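Below is one structure, written out as structure tokens, with a few remarks after it.
Computed from the coordinates by the stated procedures, all read-outs in this text should not be read as laboratory data. Note that the structure is predicted; figures quoted are calculated from it, not measured. So basically every Cβ, Gly included, is an ideal-geometry build from the backbone, and we count neighbours across all protein chains shown.
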Amino acid sequence: MAKSPSSHTPKHRARKASASERGAHRKASAASVSRRKADKLKAPPAPHLPAPQSGSQTSPTKLAILLELLRRPGGVTLAEMMRATGWQAHSVRGAMAGALTRRGIPIDSAKADGVRRYSACAEAIVLETA
């Protein structure tokens, strides 16, 4: 007489631990590990910096630099703006399209001899100085 495959299985199986029981040990150890990592990653206290002096000159923002370049007679090329700000081409174009035009400064561009030059429109210069 051949035995059926079900007859080979044990009658009493050990009870599996529930998901919450299995995860309890992991959660406790993960919490202690993350606390130890957090302690290691804490930055040392910053050294005391002197208070800024009243009347001290701050460096102009990069948008202010772009605006000054755009106000030049004859305009400015993209390469010149990139050099002055340290930005990549898409960042310079984005600043002109976004931040400067949102401030009401229309930007004009003209291509001459294969070189595109950008400039702030004349009315923008009057609006900005007023």
Exercise. Tell me, what is the FRET efficiency for Arg72 and Arg102 to the nearest 0.05, using R0 = 25 angstrom and their Cβ-Cβ distance as r?
Worked result: 0.70
For this session: Determine, from the Cβ-Cβ distance of Lys111 and Ile65 and an R0 of 22 Å, the FRET efficiency 1/(1 + (r/R0)^6), rounded to the nearest 0.05.
Result: 0.40
